[in-house]
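Colleague: What follows is a single structure, and I will ask about it in a moment.
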Amino acid sequence: MEIEIEILKKETVKVLLDDRNPSTAQEFYENLPMEGEAQLWQEEVFFPIPLEHDYENPSPSADKGDVSYWPPGKAFCIFFGDSQPASDVNHIGRVVEGLEIMESVEEGDWVIIKPV
């Protein structure tokens, strides 16, 4: 499953959802489109989304390009650098094109996630 993350008035990032947390990824995909206001934490862009899902195969770490769901904050997360999650996340995909765009995201930028 492929999705696009559009940073309004900037550019679009392409993501492939994967099977590390298949139930989380499927439910996420079925609830698209989603949108929200970007928040930053270290080298991570995140924002709350209207999805409630428990931990599936939680991971305490992230790699550059990981796209994840953080159950405690009901948030969508994109890791674009070397920072690590504040707590466990469910990884649901990886950025396959445009990761460098995330470095230009500012607090308050509007983000739209949609299926391709």
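Colleague: Say we look at segment 22-68 and pick out the residues that are under 18 Å from residue 115 (Cα atoms) and among the polar types (S, T, N, Q); which of these is nearest to the chain's Cα centre (by Cα)?
Modeller: In this case the residue turns out to be 68.
Colleague: Identify the residue in segment 36-60 that is surrounded by fewer than 17 Cβ atoms within 10 Å (Cβ to Cβ) and among the acidic types (Asp, Glu) and, among all such residues, is nearest to residue 89 (Cα to Cα).
Modeller: This residue is 54.
Colleague: Now a separate question. Answer yes if at least one residue in segment 36-53 is free of Cβ contacts under 8 Å to residues at least 24 places away in the same chain and either in contact with a helix residue (DSSP H, G or I) (Cβ under 7 Å, 6 or more places away or on another chain) or outside any loop (DSSP other than H, G, I, E, B) (or both), and no otherwise.
Modeller: no
Colleague: Sticking with this structure for a sec: Would segment 21-34 turn up any residue that is without any contact (Cβ under 8 Å) to a residue 40 or more places away in the chain, among the β-branched types (Val, Ile, Thr) and outside any loop (DSSP other than H, G, I, E, B)? Walk me through how you get there before you give the answer.
Modeller: As a first pass, look at segment 21-34 and keep what is without any contact (Cβ under 8 Å) to a residue 40 or more places away in the chain: 22-23, 26-27, 30-31.
If we keep only those that are among the β-branched types (Val, Ile, Thr) too, we end up with none.
Taking every residue of segment 21-34 in turn, none turns out to be without any contact (Cβ under 8 Å) to a residue 40 or more places away in the chain, among the β-branched types (Val, Ile, Thr) and outside any loop (DSSP other than H, G, I, E, B).
Colleague: Let me ask something additional. For residue 91, work out the one condition from (1) surrounded by fewer than 19 Cβ atoms within 10 Å (Cβ to Cβ); (2) of a type outside the set (A, V, I, L, M, F, W, C); (3) at pLDDT 95 or above it doesn't fulfil.
Modeller: Unmet condition: (1).
Colleague: Taking into account only those residues within segment 75-88 that are surrounded by 19 or more Cβ atoms within 10 Å (Cβ to Cβ) and not in a strand (DSSP E or B), which is nearest to the chain's Cα centre (by Cα)?
Modeller: Taking the candidates together, the pick is 80.
Colleague: Scan (1) in a loop (DSSP other than H, G, I, E, B); (2) of a type outside the set (S, T, N, Q); (3) without any contact (Cβ under 8 Å) to a residue 40 or more places away in the chain; (4) surrounded by fewer than 16 Cβ atoms within 10 Å (Cβ to Cβ) for the single condition residue 72 breaks and write down its number.
Modeller: (1)
So that you can scan it fast, the table gives a plain yes or no per residue for (1) polar (S, T, N, Q); (2) in contact with an Asp or Glu (Cβ under 8 Å, 6 or more places away or on another chain):
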site: 3; (1), (2): no, no
site: 6; (1), (2): no, no
site: 17; (1), (2): no, yes
site: 20; (1), (2): no, no
site: 24; (1), (2): yes, yes
site: 30; (1), (2): no, no
site: 34; (1), (2): no, no
site: 39; (1), (2): yes, yes
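The values are calculated or read from the model by the stated rules, or taken from the named source; none is laboratory data. Fair warning: this is a prediction, and the values are worked out from it, not measured in the lab. Positions of Cβ are backbone-derived with ideal geometry, glycine not excepted, and every protein chain shown enters the neighbour counts.
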